[in-house]
Amino acid sequence: MTQPSTRLVIAVDGPAASGKGTLAAKLAAHFGLPHLDTGGLYRAVGKKTLAARGATQLTTDDAALAIEAASTLSPIDLAATDLAAEAIGQAASIVSAIPEVRAALFDYQRQFAAQPQGAVLDGRDIGTVICPDADIKLYITASPEVRAERRFKQQQAIDPNASYEAVLNDIRQRDARDMNRTTAPLKPAEDAKILNTSEMNIEQVLAAALSLITSKSI
């Protein structure tokens, strides 16, 4: 662990299955900083909305339920052990496009980043909206096919009947929703460093990220 000499806020953004969450966790461990996977907030809202609707899928017509879920999110919701489930991930992508949901979770994320020693946050709008003044902004990406292959292998370990084509289609749909939403669309911050992980393993990605961070004399 390397303690930074000054307060350090690191923003890690990127599309689904790009590896941003794994990288953010490793950076947090390296620098001894608290880490927030902001996608977990939206997954918790998605799960809570699914439960309120009594369904396995959401549509854009469920906005009112999603807003209520975001406004009443609790530590118990965030501690759920099934937030990584594919259905919840799909629900999270839908509720995250609702401006009122994003507004309800805005303060929580800002307060997390404001901790005295700093923090590492990963998501889709950290460098552009949540922490526009972050000391380090990284945008982690990879081709849709590579990201789908990563997600497919994860699903296959749970469900032998998982379909690569279905996963790829879901990745593309999520990208379209995230990049084209009117509020906080997914895009690199103007001053973000972009890392394409298509042909990199996590050790290589971490080494590249640390090189970028140390080059700024943090």
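Ala119 satisfies every condition listed in (1) closer than 15 Å to Gly40 by Cβ; (2) in contact with a Gly (Cβ under 6 Å, 6 or more places away or on another chain) except (2).
When Ile130, Ile194 are checked against the criterion of being within 18 Å of the chain's Cα centre (by Cα), surrounded by 15 or more Cβ atoms within 10 Å (Cβ to Cβ) and of a type in the set (Val, Ile, Thr), Ile130 stands alone in meeting it. Evaluation of Pro15 against the conditions (1) touching a strand residue (DSSP E or B) at 6+ places or on another chain (Cβ under 8 Å); (2) closer than 25 Å to Pro116 by Cα; (3) buried (at least 19 other Cβ atoms within 10 Å of the Cβ) shows that the sole unmet condition is (2). Which residue is surrounded by the most Cβ atoms within 10 Å (Cβ to Cβ), if the candidates are limited to the range 201-212 and must be more than 19 Å from Thr128 (Cβ to Cβ) and in contact (Cβ under 8 Å) with a residue 40 or more places away in the chain? Once the filter is applied, the top-ranked residue is Val205. Being of a type outside the set (Gly, Ala, Ser), closer than 26 Å to Leu206 by Cα and more than 14 Å from the chain's Cα centre (by Cα) is a property that holds for Gln117. Quick check: anything in the range 55-71 touching a residue at least 60 places away in the same chain (Cβ under 8 Å) and either of a type in the set (A, V, I, L, M) or touching a Lys or Arg at 6+ places or on another chain (Cβ under 6 Å) (or both)? No: the range 55-71 contains no residue that is touching a residue at least 60 places away in the same chain (Cβ under 8 Å) and either of a type in the set (A, V, I, L, M) or touching a Lys or Arg at 6+ places or on another chain (Cβ under 6 Å) (or both). Taken over the range 156-184, the residue count meeting the criterion of being surrounded by fewer than 19 Cβ atoms within 10 Å (Cβ to Cβ) and under 17 Å from Gly21 (Cα atoms) is 1.
A short reminder: the numbers here are calculations on the coordinates, not readings from a lab. Just so it is clear, the structure is predicted and the values come from calculations on it, not from any experiment. Methodologically, a virtual Cβ is constructed for each residue, glycine included, from the backbone with ideal geometry; neighbour enumeration extends over all protein chains shown.
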